[in-house]
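Student: Sharing a structure, written as structure tokens. Questions coming.
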Amino acid sequence: MVDLVLRAANLTKVYRGRRGHAPVDALSDVSLDLERGTTFGIVGESGCGKSTLARLLVGLEAPTSGTIRIDDQPVVISERSASRELARKIQLVFQDPFSSLDPRMTVGKALKEVLTVHSLHTDMTSLRASELLSMVGLTRRFAERYPHELSGGQAQRVAIARALAVEPEILVLDEPTSALDVSVRAEIINLLVRIQDELKLSYLFISHDLSMVRHISDDIAVMYLGRVVEMGRYDQVFVTPLHPYTSALEDAIPVPNPEHERSRQAAGAVAVHVQVDKVTRGCPYAPRCALVEPRCRDTAPTLTEKANGHMVSCLVALDDAQ
Ligand SMILES: Nc1ncnc2c1ncn2[C@@H]1O[C@H](COP(=O)(O)OP(=O)(O)OP(=O)(O)O)[C@@H](O)[C@H]1O
Ligand code: SF4
Ligand SMILES: [Mg+2]
């Protein structure tokens, strides 16, 4: 039987429009299951709702509707907060590591503060802080440093140590490497893979870059305009992508072959970042879709299983024989 650590069902988030603007449907009916000890990759372009989903899952914001269960317990969310005990089980690592670190607090003090707030290792917080630093590949001398004395990669290691301090079961990693130098990205990914293995953690790994999630994910959801448009095991989504948007994201992954790259650019495969106005009727992807048919302008597809848990939201893909 599948051991689910997290189950999110029909999550929707509507933000009130700013200064007289229309409300924003940041998330529409998003459901996903995270199996214990695995990585679920969430991919989609800027503004598709990835961080909104992350904030709902960790209880920073309440959904407009929908439910979240961790270890089969409902996460009770009032307008203000999630259940404290369950909230400890799921921690968020942000894109910008400095945003989660207090500039006036040394690394050691920041780690000890988390331990104290959660009444963990109360009689040996210094020792535990050193352990946490070692877990993320930093020596205990980093405990005396302030955030401005850290490089981006070191700061992200500290942010990960801080998230691990409360001994969570799940890490939500919201683009954890995209603000870092290319040279240190692989180091952080390798660190996350090692920690997951050592601590048997479950990850939700968010990225706008399909090439980033494909190496580390067991399952993947592709999001477009607040909706999941394709979902399945990583090999289903990569080997047999069903949604035209997933194919466009795959085509946009740079290939180390200049000739092939030139022909792809000529074919328009690289131009996936197109601004599209809100679509009120039919398929939201229709204005960009190379396979669009007249019926797509009237009928909105819903996420439906095509085969063996491989889900897609596309009228044409659902009609095609496998
Ligand atoms: N507090 C808010 N109030 C109003 N609209 C919001 C708020 N937060 C997010 N949005 C809107 O919700 C949509 C989804 O935003 P979100 O930050 O979740 O996207 P994202 O996929 O994380 O993008 P990025 O890749 O740029 O981080 C966007 O249209 C955004 O402008
Ligand atoms: S339903 Fe139509 S417009 Fe939407 S993704 Fe499928 S083919 Fe494209
Ligand atoms: Mg984001």
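Residues are listed down the side, and each one gets a yes or a no for (1) within 16 Å of ligand 1 (Cβ to nearest atom); (2) touching a residue at least 40 places away in the same chain (Cβ under 8 Å); (3) within 21 Å of Ser28 (Cβ to Cβ):
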| site | (1), (2), (3) |
| --- | --- |
| Ala161 | no, yes, no |
| Val166 | no, yes, no |
| Val172 | yes, yes, yes |
| Asp197 | no, no, no |
| Ser202 | no, yes, no |
| Asp218 | no, yes, no |
| Val237 | no, yes, yes |
| Tyr245 | yes, yes, yes |
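Student: Within segment 98-112, track down each residue that is surrounded by 14 or more Cβ atoms within 10 Å (Cβ to Cβ) and within 14 Å of Gln154 (Cα to Cα).
Tutor: So the first thing to find is which residues in segment 98-112 are surrounded by 14 or more Cβ atoms within 10 Å (Cβ to Cβ), and the list is 98, 100-101, 105-112.
Result: Phe98, Ser100, Leu101, Thr106, Val107, Gly108.
Student: Among the residues of segment 9-28, are any among the aromatic types (Phe, Trp, Tyr) and either over 20 Å from Phe205 (Cα atoms) or within 16 Å of ligand 2 (Cβ to nearest atom) (or both)?
Tutor: Yes, segment 9-28 has at least one match.
Student: Still on this structure: For segment 157-181, which positions are more than 16 Å from Phe40 (Cα to Cα), away from ligand 3 (no atom under 16 Å from the Cβ) and either in contact with a helix residue (DSSP H, G or I) (Cβ under 7 Å, 6 or more places away or on another chain) or in a helix (DSSP H, G or I) (or both)?
Tutor: Once the filter is applied, which keeps residues that are more than 16 Å from Phe40 (Cα to Cα), away from ligand 3 (no atom under 16 Å from the Cβ) and either in contact with a helix residue (DSSP H, G or I) (Cβ under 7 Å, 6 or more places away or on another chain) or in a helix (DSSP H, G or I) (or both), segment 157-181 yields Arg157, Val158, Ile160, Ala161, Arg162, Ala163, Leu164, Ala165, Val166, Pro168, Asp181.
Student: Let me ask another. Quick one: is Val182 surrounded by fewer than 17 Cβ atoms within 10 Å (Cβ to Cβ), within 16 Å of the chain's Cα centre (by Cα) and over 22 Å from Asn10 (Cα atoms)?
Tutor: The answer is no for Val182.
Okay, residues lined up against (1) in contact (Cβ under 8 Å) with a residue 24 or more places away in the chain; (2) in contact with an Asp or Glu (Cβ under 9 Å, 6 or more places away or on another chain); (3) within 16 Å of ligand 1 (Cβ to nearest atom):
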site: Leu6; (1), (2), (3): yes, yes, no
site: Gly20; (1), (2), (3): no, no, yes
site: Ser51; (1), (2), (3): yes, yes, yes
site: Leu60; (1), (2), (3): yes, no, yes
site: Val75; (1), (2), (3): no, no, no
site: Ile90; (1), (2), (3): yes, yes, no
site: Ser99; (1), (2), (3): no, no, yes
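Student: From the list Lys278, Lys200, exactly one residue is of a type outside the set (Gly, Ala, Ser) and modelled with pLDDT under 80. Which is it? Working first, answer last.
Tutor: Values: Lys200 fails: modelled with pLDDT under 80.
Result of the check over Lys278, Lys200: Lys278.
The values are calculated or read from the model by the stated rules, or taken from the named source; none is laboratory data. From a predicted model like this one, the values you see are computed outputs, not experimental measurements. FYI the Cβ positions are ideal-geometry reconstructions off the backbone, even for glycines, and counts take in every protein chain you see.
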